[in-house]
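To start, the structure under review is shown below, and the notes come after it.
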Amino acid sequence: MVEIALGTALAAIGAGVAIGFAGLGSGLGQGMAAAGSVGAVAEDNDMFARGIIFSALPETQAIYGFLIAILLLVFSGLLGGGSGLSTEAGIVAIGVGASIGFAGLGSGMGQGLAASSSVGAIVEDNDMFARGIIFSALPETQAIYGFLIAILLMVFGGILG
C-alpha cells in the first residue's frame, strides 16, 4: 500500500470537488442549452450551427474545474512525485476545490438557462444572436470569480509555492 500524507489526501478530495461540481454544472448547462437548440433546429434547420455555439458555452466551467484539479494534483505531489502537502495546506486545497466547484455548478446551470432561452429568441428574431451571446456569457462571471479565488487560495495557502 502506498503511504500518502494527510494533506495530500485532502488535496485529492479538493481536486475531486473542483472537477466534480464544476463538471456537473457544465453538463447540466450544456444539456439545457442543447435541449433548447434541438427544438430550434426542428423549427429551422439553419439554427444548427448557432445551437452548437450556445450549447458549447457552458463547457468553460468544466475547463476551469479541470485546470484547478490538475494544479492540485501536481502541486500536492500526487502527479509528478513531489513532496506531500501539510494537513493545513490540504484543508486549503478543499477550499480551493470548493471555490471553483460550487461557482462552476451555479454558473454552468445559469449559463445553460440563458443559452437555451437565447436560442429560442433567435428562432423568433435572427437579430437576437449577439444579444443572446452577451446574456449567455454573463453567468460566466461567477465561475471566473471562483477560479480566481481558487488560484489566490493556492498561492497564499502554500500550495503553489
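The values are calculated or read from the model by the stated rules, or taken from the named source; none is laboratory data. Here the structure is a predicted model, which is why all the values come from computation and not from measurement. For neighbour counting, all protein chains shown are included, and Cβ atoms are generated from backbone atoms with ideal geometry for every residue, glycine included. These area figures cover heavy atoms from the full protein model, side chains too; ligands, DNA and RNA do not enter into them. Shrake-Rupley method; radii C 1.70, N 1.55, O 1.52, S 1.80 Å.
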Loop-resident GluC sites (Glu not before Pro) in the range 1-82 with no more than 12 other Cβ atoms inside 10 Å, DSSP not H/G/I/E/B, are 3
Of 89-98, 136-145, ordering from highest average Cβ density within 10 Å down gives 89-98, 136-145
Applying a 10 Å radius around every beta-carbon, put 146-156, 60-70 in order of their mean neighbour count, most first.
60-70, 146-156
At 0.890 mPa s and 25 °C, plugging the Kirkwood radius over alpha-carbon pairs of the chain into Stokes-Einstein gives what diffusion coefficient in µm²/s?
151
To the nearest 10 degrees, how steeply does helix 59-75 sit against the main Cα axis of the chain, on a 0 to 90 scale?
10
Relative contact order of the chain, pairs being alpha-carbon contacts under 8 Å that are 6 or more residues apart, as %
34
Ignoring ligands, DNA and RNA, what accessible area per residue does the range 6-157 give at 1.4 Å, in Å²?
46
Can you send over the carbon and sulfur percentage of the accessible area for the range 6-157, probe radius 1.4 Å, protein chains only?
74
